[in-house]
Amino acid sequence: MIRSNTPHRRKSIRLPGYDYSQGGEYFVTIVAFNHQPIFGNVTNDDMNLSPVGMVVQNCWEIIPEHFPNTELGASIIMPNHFHAIIHIIDDDCRDTVNGDDGDRRGTIYRAPTTEQFGKPVVGSIPTIIRTFKAAVTRIVARELHTTPVWQRNYYEHIITSEREYIQIEAYIENNPANWVNDREILT
C-alpha cells in the first residue's frame, strides 16, 4: 500500500458557507465515545442519569452563562447520546451598519463566520459545542477519572419552521419511551 505524506483532513459535516453564529434554532446530537452507555440508563421510560450524565446536564444548563447569545430548548440525555435544541439569539446591532449608539459592528464589520481550524467563531454552534464537550471531558476526567467521553464531531440540523421545531421537540421529549427501538440503531 502506498501512503501519502499529505496529512489526512476530515471532511466537515457542516453546511458549507453557512453562518452558524447567526440567529436561529439548531437541533444537535452528540454521541458518547464508542456509543457506550455512560450517561445512565432508561427504566420504565425514564432516564436515570449516571454521575457522567449529571456532569453533562450541569454543563449544558450553564451554556447561557458562558454564551449570552444563547437560549436552551428541549434536551434529553440518553444512555449513549444527547439531543438538544439550542437557540442563537440575533443581536439587533449585528445587522446594522450604524446602531443607535453610533457603533459600527454591523454585518460588514464582523469577523468571518466560517470556522477554520484554529480560528473559532465566537458564539457559533461549533464553538459552543466544542466548549461544552471540552468542559464535560475535563470535569469527568478530574472528578470521575473517566475518559474519553465523546465521539468525534456532532450532528446538527438547522430548524427552519415552527412545525419542524414542534416535531423535533416531541422527538426529544419522547426519546426515553422510544429507547427500546432506538437502542439497536445507536449501539
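Just so you know, all these numbers are worked out from the coordinates, no wet-lab data involved. This structure is a prediction, so every number in the text was calculated from the model and none was measured. Using ideal geometry, Cβ is built from the backbone for each residue, glycine included, and neighbour counts are taken over all protein chains shown.
What is the spin-label model distance, in nm, from N153 to H35 if the labels are put 7 Å beyond Cα along the C-beta direction?
1.6
Collect residues whose amide H, placed 1.01 Å from N in the peptide plane, falls under 5 Å from the amide H of T146; neighbours closer than 5 in sequence don't count.
Sorted by chain and number, the residues that satisfy this are A141.
Tell me which residues come under 5 Å, amide H to amide H, from S21 once H is placed; ignore anything under 5 positions away on its chain.
Close amide H contacts, sequence-distant or interchain: I125.
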